[in-house]
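Engineer: Okay, handing you the structure first.
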Amino acid sequence: MTLKEPQSPMAELLALRAQLGRAERAERAAALEKRRAPRPANIPLKPLRPQREAELSGVNTDDFQLSRAHARMREAVYEGHYHVCAHAVGHARAEGFLEHDIMAVLLAGRVRAVYPDEKRWLVAGYFEACGVALPLHVVVEVHPERGPGGPSDFLDVVTAFVPKHPHHIISRARLAVMLRYDDEKVQHRLAPVASKTGNKSKGKWRKGA
């Protein structure tokens, strides 16, 4: 029978500290579980509605292709081969996220879909607003280039948006409509109150007209 060697005071202190840390974490988890409101039994969880096949026509969601696209995207971002287009900046201002949120999605998000005909990738991730994590989808357009160091990719961040259905993939038609809407410029002109010199006056605008 061999006697166990006594532990050093430092080892005993570290073991006691680890035990206290586990107890504190368990206590916080139990308190959080008590504060969480229970879900009513009469409200069942709704299953996620599957997408129609027509919406995924021409969209590649193969795991191997997605992993290759993700590796190429990370390499291009790390090399600084990217550009955030005005479309993405406009959506960021309108929907409450910033350019660094877009870059965070490119670095920490995942490629969810590949659009081979348009040479675009859909990247899904999250951004934080007021302590709440919200979904954020980013669309990049890939431009393969051949430089002195060999072939590389350049990414154009064409748009970014907060999706209504985070787990669904935007269709090619919907993406084309979104980008076409972004390309349109608002046409406006200023109408003078009075007519120009030399033209027959039609009078000023009537109140309430």
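Engineer: Would you call ALA54 aliphatic (A, V, I, L, M), modelled with pLDDT under 80, loosely packed, with under 12 Cβ neighbours inside 10 Å and under 30 Å from ASP117 (Cα atoms)?
Structural biologist: When the stated conditions are applied, ALA54 passes them.
Engineer: For residues that are of a type in the set (Phe, Trp, Tyr) and under 22 Å from VAL59 (Cα atoms), tally how many sit in the stretch 87-125.
Structural biologist: Summing the residues that are of a type in the set (Phe, Trp, Tyr) and under 22 Å from VAL59 (Cα atoms) in the stretch 87-125 gives 2.
Engineer: Let me ask something else about it. Could you tell me whether any residue of the stretch 137-152 is on the phi > 0 side of the Ramachandran plot, modelled with pLDDT under 90 and either assigned to a strand (DSSP E or B) or among the acidic types (Asp, Glu) (or both)?
Structural biologist: Scanning the stretch 137-152 turns up at least one residue that is on the phi > 0 side of the Ramachandran plot, modelled with pLDDT under 90 and either assigned to a strand (DSSP E or B) or among the acidic types (Asp, Glu) (or both).
Engineer: Tell me which residues, restricted to the stretch 87-121, are of a type in the set (A, V, I, L, M), in a helix (DSSP H, G or I) and touching a residue at least 24 places away in the same chain (Cβ under 8 Å).
Structural biologist: Listed by number, the residues that qualify are ALA88, ALA92, ILE102, MET103, VAL105, LEU106, LEU107.
Engineer: Also, quick follow-up: For the stretch 114-169, how many residues meet the condition of being more than 23 Å from ALA86 (Cβ to Cβ) and buried (at least 19 other Cβ atoms within 10 Å of the Cβ)?
Structural biologist: Qualifying residue count for the region: 2.
Engineer: Same structure again: What are the pairs, 6+ residues apart or on separate chains, where a residue within the stretch 150-172 that is farther than 17 Å from VAL105 by Cα and without any contact (Cβ under 8 Å) to a residue 12 or more places away in the chain has its Cβ under 8 Å from a residue that is acidic (Asp, Glu) and part of a strand (DSSP E or B)?
Structural biologist: PRO151/GLU145
The values are calculated or read from the model by the stated rules, or taken from the named source; none is laboratory data. The model shown is predicted, which means the values in this text are computed figures rather than measured ones. For neighbour counting, all protein chains shown are included, and Cβ atoms are generated from backbone atoms with ideal geometry for every residue, glycine included.
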